[in-house]
Amino acid sequence: MSTRLTTAPSWPALQAAAAAPLPSLRALFAADPDRASSRTLRVAGLTADLSRHLVDDELLGLLHALAAERGVLARLRAAQAGEHVNVTEDRAALHTALRLPRDASLVVDGEDVVAQVHAE
(Lines give C-alpha, C1' and ligand atoms only; values in the text may rest on other atoms or scores of the structure.)
Protein backbone atom coordinates (compact mmCIF):
# COMPACT_ATOMS: atom_id res chain seq x y z
CA MET A 1 0.00 0.00 0.00
CA SER A 2 1.28 3.43 -0.89
CA THR A 3 1.79 5.78 2.04
CA ARG A 4 1.01 8.81 -0.11
CA LEU A 5 -2.30 10.30 0.99
CA THR A 6 -2.94 11.61 -2.51
CA THR A 7 -3.35 8.05 -3.80
CA ALA A 8 -6.15 7.24 -1.35
CA PRO A 9 -9.62 6.71 -2.87
CA SER A 10 -11.07 9.34 -0.52
CA TRP A 11 -8.51 11.99 -1.50
CA PRO A 12 -10.47 13.61 -4.38
CA ALA A 13 -13.51 14.09 -2.13
CA LEU A 14 -11.30 15.62 0.57
CA GLN A 15 -9.79 18.00 -1.99
CA ALA A 16 -13.27 19.02 -3.10
CA ALA A 17 -14.31 19.58 0.53
CA ALA A 18 -11.20 21.71 1.11
CA ALA A 19 -12.04 23.85 -1.92
CA ALA A 20 -15.64 24.39 -0.83
CA PRO A 21 -16.60 27.53 1.08
CA LEU A 22 -16.26 27.16 4.84
CA PRO A 23 -19.51 26.94 6.78
CA SER A 24 -20.07 29.45 9.53
CA LEU A 25 -20.13 28.31 13.12
CA ARG A 26 -23.57 29.84 13.41
CA ALA A 27 -24.82 27.62 10.55
CA LEU A 28 -23.18 24.52 12.02
CA PHE A 29 -24.79 25.10 15.43
CA ALA A 30 -28.17 25.88 13.81
CA ALA A 31 -28.03 22.64 11.84
CA ASP A 32 -27.07 20.62 14.93
CA PRO A 33 -28.41 22.00 18.23
CA ASP A 34 -26.55 19.22 20.11
CA ARG A 35 -23.22 20.09 18.47
CA ALA A 36 -21.57 21.25 21.70
CA SER A 37 -22.31 18.00 23.52
CA SER A 38 -21.76 15.68 20.55
CA ARG A 39 -18.36 17.23 19.76
CA THR A 40 -17.02 17.37 23.32
CA LEU A 41 -14.71 14.60 24.49
CA ARG A 42 -13.94 13.80 28.11
CA VAL A 43 -11.03 11.46 28.76
CA ALA A 44 -8.82 11.03 31.83
CA GLY A 45 -10.04 14.24 33.44
CA LEU A 46 -9.49 16.33 30.33
CA THR A 47 -12.19 17.99 28.25
CA ALA A 48 -11.75 18.85 24.58
CA ASP A 49 -14.48 20.95 22.99
CA LEU A 50 -14.24 20.44 19.23
CA SER A 51 -17.62 21.99 18.49
CA ARG A 52 -16.12 25.28 17.40
CA HIS A 53 -13.97 23.78 14.69
CA LEU A 54 -15.24 24.29 11.16
CA VAL A 55 -15.74 20.57 10.59
CA ASP A 56 -19.06 19.04 9.67
CA ASP A 57 -20.19 15.40 9.60
CA GLU A 58 -19.34 15.03 5.90
CA LEU A 59 -15.74 16.13 6.44
CA LEU A 60 -15.40 13.93 9.53
CA GLY A 61 -16.66 11.00 7.47
CA LEU A 62 -14.10 11.70 4.75
CA LEU A 63 -11.30 11.93 7.32
CA HIS A 64 -12.43 8.65 8.90
CA ALA A 65 -12.47 7.06 5.44
CA LEU A 66 -8.93 8.27 4.77
CA ALA A 67 -7.75 6.89 8.11
CA ALA A 68 -9.41 3.54 7.38
CA GLU A 69 -7.93 3.41 3.87
CA ARG A 70 -4.46 4.02 5.26
CA GLY A 71 -4.80 1.53 8.13
CA VAL A 72 -4.34 4.09 10.89
CA LEU A 73 -6.14 1.99 13.52
CA ALA A 74 -4.10 -1.10 12.69
CA ARG A 75 -0.88 0.92 12.90
CA LEU A 76 -1.96 2.39 16.24
CA ARG A 77 -2.69 -1.08 17.62
CA ALA A 78 0.68 -2.31 16.31
CA ALA A 79 2.46 0.57 18.07
CA GLN A 80 0.58 -0.09 21.30
CA ALA A 81 1.53 -3.78 21.10
CA GLY A 82 5.24 -2.96 20.85
CA GLU A 83 5.61 -4.07 17.24
CA HIS A 84 8.43 -2.67 15.12
CA VAL A 85 6.53 0.19 13.50
CA ASN A 86 9.55 2.49 13.17
CA VAL A 87 10.69 1.11 9.82
CA THR A 88 13.64 3.50 9.53
CA GLU A 89 15.29 2.11 12.66
CA ASP A 90 13.49 -1.28 12.68
CA ARG A 91 12.28 -0.91 16.24
CA ALA A 92 9.20 -0.31 18.31
CA ALA A 93 7.93 3.21 18.85
CA LEU A 94 7.66 3.31 22.61
CA HIS A 95 5.63 6.50 23.00
CA THR A 96 2.79 4.47 24.47
CA ALA A 97 5.07 2.99 27.13
CA LEU A 98 5.68 6.50 28.45
CA ARG A 99 2.01 6.79 29.34
CA LEU A 100 1.44 3.37 30.86
CA PRO A 101 1.08 2.99 34.64
CA ARG A 102 3.89 1.29 36.54
CA ASP A 103 1.95 -1.95 36.93
CA ALA A 104 1.19 -2.26 33.20
CA SER A 105 3.05 -4.54 30.85
CA LEU A 106 4.39 -3.94 27.35
CA VAL A 107 6.63 -6.66 26.02
CA VAL A 108 8.96 -5.62 23.21
CA ASP A 109 11.37 -8.14 21.74
CA GLY A 110 10.75 -10.45 24.69
CA GLU A 111 11.37 -7.82 27.36
CA ASP A 112 8.84 -5.88 29.43
CA VAL A 113 9.84 -2.24 28.90
CA VAL A 114 7.43 -0.49 31.29
CA ALA A 115 9.70 -0.80 34.34
CA GLN A 116 12.63 0.52 32.29
CA VAL A 117 10.59 3.49 31.12
CA HIS A 118 9.53 4.39 34.65
CA ALA A 119 13.05 3.93 35.98
CA GLU A 120 14.40 6.30 33.36
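In table form, for the structure just shown:
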{"read-out": "Residue list for region 105-118, filter: touching an Asp or Glu at 6+ places or on another chain (Cβ under 9 Å), in a loop (DSSP other than H, G, I, E, B) and among the aliphatic types (A, V, I, L, M)", "value": "106"}
{"read-out": "Count of region 46-94 residues which are open to solvent by 50 Å² or more (accessible area, probe 1.4 Å), more than 23 Å from residue 112 (Cβ to Cβ) and assigned to a strand (DSSP E or B)", "value": "3"}
{"read-out": "Subset tally (residues that are out of contact with any helix residue (DSSP H, G or I) (no Cβ under 8 Å at 6 or more places or on another chain) and modelled with pLDDT of 85 or more) for region 87-100", "value": "5"}
{"read-out": "Number of positions in region 7-30 that are open to solvent by 80 Å² or more (accessible area, probe 1.4 Å), part of a loop (DSSP other than H, G, I, E, B) and under 22 Å from residue 70 (Cα atoms)", "value": "1"}
{"read-out": "Test: residue in region 64-80 that is touching a residue at least 12 places away in the same chain (Cβ under 8 Å) and of a type in the set (S, T, N, Q)", "value": "yes"}
{"read-out": "For residue 41: the one exception among (1) modelled with pLDDT of 90 or more; (2) more than 14 Å from the chain's Cα centre (by Cα)", "value": "(2)"}
{"read-out": "Flag for residue 41 being of a type in the set (A, V, I, L, M), open to solvent by less than 50 Å² (accessible area, probe 1.4 Å) and within 21 Å of residue 67 (Cβ to Cβ)", "value": "no"}
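The values are calculated or read from the model by the stated rules, or taken from the named source; none is laboratory data. Bear in mind that the values here come from a model prediction, so they are computed numbers and not experimental data. Every residue, glycine as well, gets a Cβ built from its backbone with ideal geometry; the counts of neighbours run over all protein chains shown. What goes into the accessible areas is simple: the full protein's heavy atoms, side chains included, and nothing from ligands, DNA or RNA. Shrake-Rupley method; radii C 1.70, N 1.55, O 1.52, S 1.80 Å.
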